[in-house]
Amino acid sequence: MKKELFAKKTLALAMAALMAAGALTGCSSGSKETAAAGDTTAAPAAGSGAAGSEAAGSEAVGGSGEAVTVRFRYWADNTDYSALMQDIIKKFNAENGKGITVVGEETPWDGGAYSENLFNAKMGGGDIDCATWKLTSTPLFVNNDLLADLTPLVDSWDKKDDIDENIYSIMKEAGGTDRLYVMPWNIQVLYVYYRPSIFEAAGVEVPKTYEEFLTAIEKCTMDTNGDGKTDVYGFGMRGAKGGQEPWGSFVYGRGGNFEDMTTPEAVWGMQDFIDIYTKGYVPPTATSDGFNEIIANFKSGLTAMTIHHTGSSADMEAAFGGDVSAFPFPAGKGQWTSMGDTETVIFESCQNKEAAFEWVAYLATGEGQKMWCEGTGNVPVSKTVQAGDFFRSNRFMAASIEGQSYAGILPILDTTTEWISTLWPNTVSQALTGSITAEQCMKTLQDGLYQ
């Protein structure tokens, strides 16, 4: 999608789009909830208010010698995260040495109404300089000329290469242009959970290729007590809403993509998805299984593998101790995994963009990045922070970091919310149960997304 292809949105359409946007994104910033990427589960912030202190240092950005104030709006999922953000703001203000004072304004996520309220504020001339962000809001704000183009600031930034190029590409894709309007902050990357003890019993190694992954699913489907009934299924398939994200990895594994889901490669990936259902390698309830079901099945030992992210890793360790681990979704002809996101933006109306960039850069690669991601358990975007022992020593973080270079998002279109909520689960269910073929399924999904 190119910027010039979008018409200016009316206020009514804008509100509808933003209220729906939460259904298209991963977990909110710092979410410890075990919600799948693609679900909107952010809790309202504990309260609203301002955080900030006078900046240390006398040299202001731009060399004017005058102090600069940056107004920053954000949400926090709980009181711990609220306090953490306030601590980060205070540390930046005290140590930036450039006369910058960030004033933090906390507002609730409120089921996605955060984005609606932010749009209202900016369309009404509000003085917010920068804010925390979800990618799904990007097209609307870009096409109303509300976001600052960060491309020149990032291109001249000495820490630009500390963030994987694929992350920048996703930010640009969300805006529908080759310009960068969104600054990376923290992410959630889907990976495959597995039970080492079940792998050992099945005689399989951690898959290194997509074909080996399919084989592991088959071999880990076992009758462990000889009664003729399956006791362990190889994979926990999510056939209900939200399942489009792990499903996408199968499509890409055969070389398909979301741009044209009717190609032979994409259809082949869909057929793989059908086959593991019809051959009994997933629980028979898979067509209606959502997040709660796939996690419960994995934790009960009913499934050997399932797909999620670090948001559920603490519960997994609590349940299994060392008998749970993770690996990145392996490569076939192609490779893809879903990325949940929380970023920051600077608004075009900001009078001190260089100062605002100092702040969002601090969150992206500075001490603010380290403090936030260590405190919330989210995956950092900074390679330097990722390389720290806190993240590398965690097997779930390591799988997430390895997957970031090929992670992606679904296309952000006017049709995406309905496609995720209704069309995908209904159509895929028909394919799994044999009512339609893989080819018919993929044509319906293609037509529905790009109508």
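Some notes on this structure:
- Note on the stretch 221-239: residues that are open to solvent by 10 Å² or more (accessible area, probe 1.4 Å) and not in a loop (DSSP other than H, G, I, E, B) total 3.
- Residues of the stretch 422-440 that are open to solvent by less than 40 Å² (accessible area, probe 1.4 Å) and in a helix (DSSP H, G or I): 424, 425, 427, 428, 429, 431, 432, 438.
- Residue count for the stretch 70-82 under the criterion of being of a type in the set (A, V, I, L, M) and within 20 Å of residue 110 (Cβ to Cβ): the result is 1.
- Once the stretch 406-421 is narrowed to residues that are polar (S, T, N, Q) and assigned to a helix (DSSP H, G or I), the residue that is nearest to residue 253 (Cα to Cα) is 416.
- Filtering the stretch 343-356 to residues that are of a type in the set (Gly, Ala, Ser) and open to solvent by 10 Å² or more (accessible area, probe 1.4 Å) leaves only 349.
- Residue match in the stretch 207-220 (condition: assigned to a strand (DSSP E or B), in the same structural domain as residue 320 (by the TED database), over 19 Å from the mean Cα position of the chain (by Cα) and under 27 Å from residue 311 (Cα atoms)): yes
- The residues on offer are 158, 164, 127, and the sole one that is modelled with pLDDT of 95 or more and either open to solvent by 40 Å² or more (accessible area, probe 1.4 Å) or not assigned by the TED database to the domain that holds residue 349 (or both) is 158.
- Within the stretch 192-204, being within 30 Å of residue 385 (Cα to Cα) and part of a loop (DSSP other than H, G, I, E, B) holds for one residue alone: 195.
- For the stretch 279-309, a tally of residues being open to solvent by 20 Å² or more (accessible area, probe 1.4 Å), in contact with a Pro (Cβ under 9 Å, 6 or more places away or on another chain) and either in a loop (DSSP other than H, G, I, E, B) or within 21 Å of residue 427 (Cα to Cα) (or both) returns 4.
- Every residue from the stretch 310-330 that is open to solvent by less than 20 Å² (accessible area, probe 1.4 Å) and within 17 Å of residue 296 (Cβ to Cβ): 311, 312, 313, 316, 324
- Residue in the stretch 101-121 that is surrounded by the most Cβ atoms within 10 Å (Cβ to Cβ), counting only those that are charged (D, E, K, R) and within 25 Å of residue 415 (Cβ to Cβ): 116
- Filter result for residue 438 (hydrophobic (A, V, I, L, M, F, W, C) and more than 18 Å from the chain's Cα centre (by Cα)): yes
- Selection status of residue 242, under 21 Å from residue 339 (Cβ atoms), open to solvent by less than 10 Å² (accessible area, probe 1.4 Å) and in a loop (DSSP other than H, G, I, E, B): yes
- Scanning the stretch 357-393 for residues that are in contact (Cβ under 8 Å) with a residue 24 or more places away in the chain, more than 16 Å from residue 96 (Cα to Cα) and either open to solvent by 30 Å² or more (accessible area, probe 1.4 Å) or outside any helix (DSSP H, G or I) (or both) yields 375, 377, 378, 379, 380, 381, 382, 383, 384.
- Any hit, the stretch 332-342, residues being farther than 19 Å from residue 239 by Cβ, in contact (Cβ under 8 Å) with a residue 40 or more places away in the chain, open to solvent by less than 10 Å² (accessible area, probe 1.4 Å) and outside any strand (DSSP E or B): no
- Checking residue 169 against (1) touching a residue at least 12 places away in the same chain (Cβ under 8 Å); (2) small (Gly, Ala, Ser); (3) on the phi < 0 side of the Ramachandran plot, the condition it does not meet: (1)
This table checks each residue for (1) of a type in the set (Ser, Thr, Tyr); (2) farther than 26 Å from residue 140 by Cβ; (3) not assigned by the TED database to the domain that holds residue 446.
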| position | (1), (2), (3) |
| --- | --- |
| 346 | no, no, yes |
| 356 | no, no, yes |
| 365 | yes, yes, yes |
| 368 | no, yes, yes |
| 383 | no, yes, yes |
| 391 | no, yes, yes |
| 419 | no, no, no |
| 428 | no, yes, no |
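The values are calculated or read from the model by the stated rules, or taken from the named source; none is laboratory data. Treat the numbers as computed from the prediction; the structure is a model and nothing was measured. No Cβ is skipped: glycine too gets one built from the backbone with ideal geometry, and neighbour counts run over all protein chains shown. Ligands, DNA and RNA are stripped out before the accessible areas are found, and what is left, the full protein with its side chains, is counted by its heavy atoms. Shrake-Rupley method; radii C 1.70, N 1.55, O 1.52, S 1.80 Å.
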